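The values are calculated or read from the model by the stated rules, or taken from the named source; none is laboratory data. This is a predicted model, so every value here is computed, not measured. Here Cβ is always computed from backbone atoms with ideal geometry, including for glycine, and neighbour counts include all displayed protein chains. These area figures cover heavy atoms from the full protein model, side chains too; ligands, DNA and RNA do not enter into them. Shrake-Rupley method; radii C 1.70, N 1.55, O 1.52, S 1.80 Å.
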Amino acid sequence: MTNGSTVWRDRLANVPVPEQHAVPLVAAALAERVRRLRLPGPPAAWRAPGLVLMVSGAVLATRAWREVRDVRLADPDRLVSTGPYARSRHPMYAAWALGHLGWALLARSGWALGAWLPAVLAVRHQVEAEESELRRRFGPAHAAYAEAVPRWGTPRWGAPRW
């Protein structure tokens with residue numbers, strides 16, 4: 001029998017924190033302390049877009065986490081194709097990208113903004129490896145899912161798939 005704290009510990013262990021974003025964000029914060037590299041213009045110009053991106057990322061991450069809270073992401077026993085996973089095969093990674101970009105804008109950090117694209121490209125590399133494993137594990141079911149759902153999510157009005 002498990003108690004409530006064990007259940008929450010297991011669920012929180014299921015939240016991926018991609019080093020590809022976490023490490024550059026910490027490095028950017030440290031770099032800002034050594035030498036500021038601010039985005040131009042008044043802080044108010046960056047505040048709204050930064051907040052929108054950060055909140056969007058947090059909402060998406062929370063919804064994705066709630067959808068997979070009973071699936072061990074490190075060793076999944078099934079594909080999840082509901083909730084945010086019906087629009088994006090990797091909504092948690094997309095959420096991290098939104099949050100990283102939002103934080104960069106909100107903090108007006110040129111360091112964090114400069115680290116965003118390399119972080120996204122590194123996550124893309126990891127995602128390709130994960131999808132290869134999912135294809136091996138789930139075969140035709142994953143192929144059908146990958147065909148139906150774009151990797152990062154796109155609007156339903158026909159934007160190109162990535």
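Residues that are within 30 Å of P40 (Cα to Cα) and touching a residue at least 60 places away in the same chain (Cβ under 8 Å) were ranked within segment 121-130; the one that is least open to solvent (accessible area, probe 1.4 Å) is V123.
Scan segment 131-151 residue by residue and report those that are under 15 Å from Y85 (Cα atoms) and either of a type in the set (D, E) or open to solvent by less than 50 Å² (accessible area, probe 1.4 Å) (or both). Once the filter is applied, which keeps residues that are under 15 Å from Y85 (Cα atoms) and either of a type in the set (D, E) or open to solvent by less than 50 Å² (accessible area, probe 1.4 Å) (or both), segment 131-151 yields E131, L134, H142, Y145, A146, E147, V149, P150, R151. The single condition from (1) within 19 Å of the chain's Cα centre (by Cα); (2) crowded, with 16+ Cβ neighbours inside 10 Å; (3) within 30 Å of L30 (Cα to Cα); (4) of a type in the set (S, T, Y) that S109 fails is (1). Looking across segment 8-18 at every residue that is surrounded by 14 or more Cβ atoms within 10 Å (Cβ to Cβ) and more than 12 Å from A119 (Cα to Cα), the one that is modelled with the lowest pLDDT is identified as R11. The helices (runs of 4 or more DSSP H) falling completely within segment 19-131 that include 3 or more residues that are at pLDDT 95 or above and within 19 Å of W152 (Cβ to Cβ) map to 43-68, 91-106.
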